[in-house]
Amino acid sequence: MKKYVVLTGAGISAESGIKTFRDSGGLWENHDVQQVASPEGFQKDPKLVWQFYKDRFAQSLSVQPNAAHLALKKMEDKLQDNFHLITQNVDGLHSRAGSKRVLELHGSLSTAFCTVCRASHPLIELDLSCEIPSCKKCGNMLRPDIVWFGEIPYFLYEIEQLLKDCEVFIVIGTSGSVYPAAGFVMTAKLFGAHTIAVNLSRPDNLGFIDEMHQGHCTELLPPLVESMIGSL
Ligand SMILES: [Zn+2]
């Protein structure tokens, strides 16, 4: 059985109704991206940043996984350990669709961690009526478990191994302009994988794509998955 690695970006969540900061020219729901998505912004105004992520968390729970998320879940059911999913999205929609082998490169809206002892806390277990939630272990300030600008994405070592090892690499709903994720397709290609893109527009790194499917991933992905792994 072939080994598949899939990378998803904002485009797959957009089709569930999640807005991304790239839709609005440097503003994210009327906030300066640097203010709400950088360690400096958090240091300057943690209350504002927390309010922003509480709102994003609530928004993520108000939408549903779509046909593309579900197609990837079925793909995993069929391929088991020969399937891995990397996502740039923080909304948890892949997990809610039932995917298990998910690496959340940029963290998750559904968890927070302590700025002092680093203990991790699910948001649903926290008192979100506080302006700044505090650590249940040491009482210090928590921060959203989101990889902000200037911070190092999660799972880079595991991802590099997966990219070198995979035979098919599929990139879905991402423009290919944000590194390191934009470089993943290049690594997979250089190590011999067949590379496929599913995206509304033609990605920036088209030179490394063997097979381009242009359009909505909720329409294109289910039949594509079926053609690759047989009947779902
Ligand atoms: Zn703590």
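The values are calculated or read from the model by the stated rules, or taken from the named source; none is laboratory data. All of these numbers come straight from a predicted model, not from anything done at the bench. Positions of Cβ are backbone-derived with ideal geometry, glycine not excepted, and every protein chain shown enters the neighbour counts. Just so you know, the surface numbers come from the protein's heavy atoms only, side chains and all, with ligands and any DNA or RNA stripped out. Shrake-Rupley method; radii C 1.70, N 1.55, O 1.52, S 1.80 Å.
One table, with the values for the structure above:
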| read-out | value |
| --- | --- |
| For the stretch 3-12, Karplus couplings with θ = phi - 60° (6.51, -1.76, 1.60), whole Hz, Gly/Pro x | 9, 10, 10, 10, 10, 10, x, 3, x, 6 |
| Extension gain (nm, one decimal) between residue 81 and residue 117, 0.36 nm per residue minus Cα-Cα | 9.6 nm |
| Descending semi-axes in whole angstrom, ellipsoid equivalent of the chain, from the Cα gyration tensor | 32, 18, 17 |
| Backbone HN-Hα couplings from phi across the stretch 54-61 [Karplus 6.51/-1.76/1.60, Hz, Gly and Pro as x] | 4, 5, 5, 4, 4, 4, 5, 7 |
| FRET efficiency, 1/(1 + (r/R0)^6) with R0 25 Å, evaluated for residue 19 and residue 210 via beta carbons | 0.20 |
| Kirkwood Rh and Cα Rg combined as Rg over Rh, evaluated for the stretch 49-122 | 1.03 |
| Square roots of 5 times each gyration tensor eigenvalue, C-alpha, the stretch 38-79, largest first, Å | 34, 13, 6 |
| Amide proton proximity set for residue 198, modelled H, under 5 Å, gap of 5+ | 171, 172, 173, 213 |
| For residue 103, distant residues with modelled amide H under 5 Å away | 85, 86, 87 |
| Efficiency of FRET from Cβ geometry, residue 141 and residue 100, R₀ 35 Å, rounded to 0.05 | 0.65 |
| Heavy-atom surface of the chain, accessible at 1.4 Å and reported per residue (Å²) | 48 Å² |
| Approximate spin-label separation residue 127-residue 194, in nm, with each point projected 7 Å along Cα-to-Cβ | 5.6 nm |
| Per residue Cα convex hull volume in Å³ - calculated over the stretch 1-131 | 122 Å³ |
| Value of Rg to Rh for the stretch 119-222 (Rh from inverse mean 1/r over Cα pairs, i.e. Kirkwood) | 1.14 |
| Reachable lysines, given that their alpha-carbon falls under 27 Å from the alpha-carbon of residue 44 and they are not under 8 places away in the same chain | 19, 54, 136, 137 |
| Carbon plus sulfur fraction of accessible area for the stretch 114-213, probe 1.4 Å, in percent | 55 percent |
| Residue-by-residue Karplus 3J(HN,Hα) for the stretch 176-191, coefficients 6.51, -1.76, 1.60, Hz, glycine and proline x | x, 10, 9, 8, x, 4, 4, x, 4, 5, 5, 4, 4, 4, 5, 8 |
| Burial order of peptide ranges 159-172, 126-139 (average beta-carbon count within 10 Å, highest first) | 159-172, 126-139 |
